[in-house]
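For reference, the structure discussed in these notes is given below.
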Amino acid sequence: MSGIAGAGKSTWLAKNFVEDRDYVISRDKIRFMLISDGDDYFSKEDEVFKTFVKYIQESIDNPEVPENIYCDATHITEKSRDKLLDALDLTNVKNISCIVVRPSLKETLKRNENRTGRAYVPKYVIRRMYSRFERPEYDTKYPKDVKYVEVPELWEDS
């Protein structure tokens, strides 16, 4: 998955493609398992990333290989996407797809206003992420059939 905070990546996954044979590994869920209420959001980022990679690799290596593994995190730059892919053994992976969820900045800020607690992201962070976003392009670095699917606003907020 690729998209700024509040774009709707998790919502899109929940409403569209997650089936019983699919795995969703959420970096935010891992983060919230590892940090306490008083901790800074990024205080355990190294451990969060290592755990995220571990869960993904365990899913890839699972003898009952899932049909799809969704890596639910922002991955807004080529560097961040490559960091994840470089950390994984992709030998048993048939295809890599990058699903980009990119609504307008206005819509993203509107959705963020409905978030509470740690899920709420400061507006300046969303604006900064939006300006730093790098649309994925075909990547020859990986010998897999890399596909990029851009998802506009496909659902109405309820």
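Read the figures in this text as sums done on the coordinates, not as results from a lab. No experiment lies behind these values; they were computed from the predicted model shown. Note that we place each Cβ from the backbone using ideal geometry, even for glycine, and neighbour counts take in every protein chain shown.
Evaluate the charge dipole of the stretch 1-144 about its Cα centre and quote only its size in Debye, nearest 20, assuming +1 on the Cβ of each Lys and Arg and -1 on the Cβ of each Asp and Glu.
On the way: 26 positive and 24 negative charges, 169 e Å.
Computed about the Cα centre, the dipole is about 820 debye.
Provide the gained length on full extension for the span residue 83 to residue 131, in nm with one decimal, where the gain is 0.36 nm per separating residue minus the Cα-Cα distance. Don't skip to the answer; put the middle values down first.
Values: separation 48, 0.36 × 48 = 17.28 nm, distance 2.02 nm.
Stretched fully, the residue 83-residue 131 segment lengthens by 15.3 nm.
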Relative contact order (%) - criterion: Cα under 8 Å, at least six apart; region: the stretch 22-133: 27 percent
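With the cut-off at 30 Å, tell me which of the pairs 50/106; 9/94; 9/50 have Cα atoms farther apart than that. Provide the component values of the computation, followed by the final result.
Values: 50/106 33 Å; 9/94 23 Å; 9/50 21 Å.
Cα-Cα > 30 Å for 50/106; rest within.
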With θ set to phi - 60°, apply the Karplus curve 6.51 cos²θ - 1.76 cosθ + 1.60 along the stretch 88-94 and write out the HN-Hα couplings as whole Hz, x wherever there is a Gly or Pro. 10, 8, 9, 3, 8, 9, 7
Can you list residues whose amide H is under 5 Å from residue 97's amide H, if they're 5+ apart or on another chain and H is modeled 1.01 Å from N? 147
Would you mind computing, in nm to one decimal, how far apart the modelled labels at residue 68 and residue 32 are, each placed 7 Å from Cα along Cα→Cβ? 2.2 nm
